[in-house]
Amino acid sequence: MDIRVIEKVYRRYAKGYDFYFGALFQPGRKAVIERMHCRPGERILEVGVGTGLSLPLYPPGAQVTGIDISGEMLARARARTARDGLKQVVALLRMDAERMYFRDNSFDKVVAMYVVSVVPSPAQLVAEMRRVCRPGGELYIVNHFQHANPLVSGAERLLAPLSRLLGFHPDFPLQNFLHETGLEVSERIPVNVLGYWTLLCARNGKAPSASAALAHAASRMRAV
Ligand SMILES: C[S@@+](CC[C@H](N)C(=O)[O-])C[C@H]1O[C@@H](n2cnc3c(N)ncnc32)[C@H](O)[C@@H]1O
């Protein structure tokens, strides 16, 4: 899926997104924000913030920046922020999370909720999340990864050709993701209905592994 397809899909989803994916995904949003233990003054970046369903969950005093590629999704996040007077939200910006304008080490914690199986290059997204997060900072990812049960993963593979319509890749193997990104995960926590989604927690420590750096470089070459 290229970025134009993603924009088109989420332009279509924006109106009904909260109805279909609000309550269903909310336990995962709550779990990750509780895990982040955001302290006053901490600089938080949420990539692919969507309609901003997570924003009221951040504690007052945190300094939350949200970005999204979809103007329609972001408009809803802005309306929510204004309506609910969310002072913890410092900026909502339209930006490609694979090519962010932020300087290196701009944030203490960076989070992606239900985004890594949506973007064209998950390796490039994670490389960017690491770049803008300070060394020793924290990275959090909530996503569905290919199911361990062969029957379920078989069904997910059948859905794979519909990824352009669905707006995400239903067959997204965790092992490939970890290999390509070089992310050293400290915790994996099942979230949402039947634990079908996973919360990954990682520290922004070492440089990406050679394979992650290669995957990142290859995806950058494809982008130019
Ligand atoms: C499944 S929605 C998740 C939205 C939100 N995080 C939530 O919890 O509901 C995926 C979001 O990622 C955004 N997105 C996809 N690719 C992106 C990119 N390259 N840069 C920024 N946002 C992107 C989409 O526009 C959409 O809002």
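Results, tabulated for the structure shown:
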{"read-out": "Gyration tensor (alpha-carbon) shape descriptor, the stretch 49-110, a/c threshold 1.5", "value": "oblate"}
{"read-out": "Simple label model, 7 Å out from Cα along Cβ direction - residue 94 to residue 24, nm", "value": "2.7"}
{"read-out": "Alpha carbon Rg of the stretch 1-156, scaled by the compact-globule rule 2.2 N^0.38 Å", "value": "1.02"}
{"read-out": "By average C-beta atoms within 10 angstrom, highest first, the peptides 41-51, 131-141", "value": "41-51, 131-141"}
{"read-out": "Over 22 Å between alpha carbons, listed pairs 30/109; 15/87; 8/109", "value": "15/87; 8/109"}
{"read-out": "Protein accessible area in the stretch 1-111, 1.4 Å probe - carbon and sulfur %", "value": "54"}
{"read-out": "Förster radius 25 Å - calculated FRET efficiency between residue 134 and residue 179, Cβ distance, rounded to 0.05", "value": "0.50"}
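The values are calculated or read from the model by the stated rules, or taken from the named source; none is laboratory data. Predicted, not measured: the structure shown is a model, and the values here were computed from it. Every residue, glycine as well, gets a Cβ built from its backbone with ideal geometry; the counts of neighbours run over all protein chains shown. SASA here: full protein model, heavy atoms, side chains in, ligands and nucleic acids out. Shrake-Rupley method; radii C 1.70, N 1.55, O 1.52, S 1.80 Å.
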